[in-house]
Amino acid sequence: MERLLTQFPALTERHYSVKELAQMLRLSPAAVRRLFRDEPGVLRFGKEKRGHQREYMTLRIPASVAERVYRRSMCSGFGSRLDGGKFKSGI
């Protein structure tokens with residue numbers, strides 16, 4: 001087990017759910033899903049969309065990915081990328 005953890009340090013990193021990040025960033029879960037949907041490093045669990053069926057996908061976002069996206073979004077104007085420029089105060 002120890003060897004596995006040294007080979008894959010991402011296994012020991014904190015991973016956040018969409019709900020947890022939504023609460024931390026004071027955003028809706030839908031906004032968090034849009035923000036991290038195509039981000040490299042995000043773990044995706046579930047079934048891909050087929051035809052007219054709804055896509056069910058669980059995301060787990062590593063802390064390093066969350067920090068990277070947060071920093072990038074702060075530099076480019078966080079509110080302009082989320083909810084059409086409407087974001088909740090208190091970030």
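Taken together, the values in this text are just the output of simple stated rules run on the coordinates, not laboratory data. Keep in mind it's a predicted model, so treat the numbers as computed, not measured. Neighbour counts run over all protein chains shown; Cβ positions are idealised from the backbone, glycine included.
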Rounded to whole Hz and in sequence order, give me ³J(HN,Hα) for region 21-34 from the Karplus expression 6.51 cos²θ - 1.76 cosθ + 1.60, θ = phi - 60°, writing x for Gly and Pro.
5, 4, 5, 5, 8, 6, 10, 6, x, 5, 5, 5, 4, 5
Where does each of 21-34, 55-68 land if you order them by average Cβ count within 10 Å, highest first?
21-34, 55-68
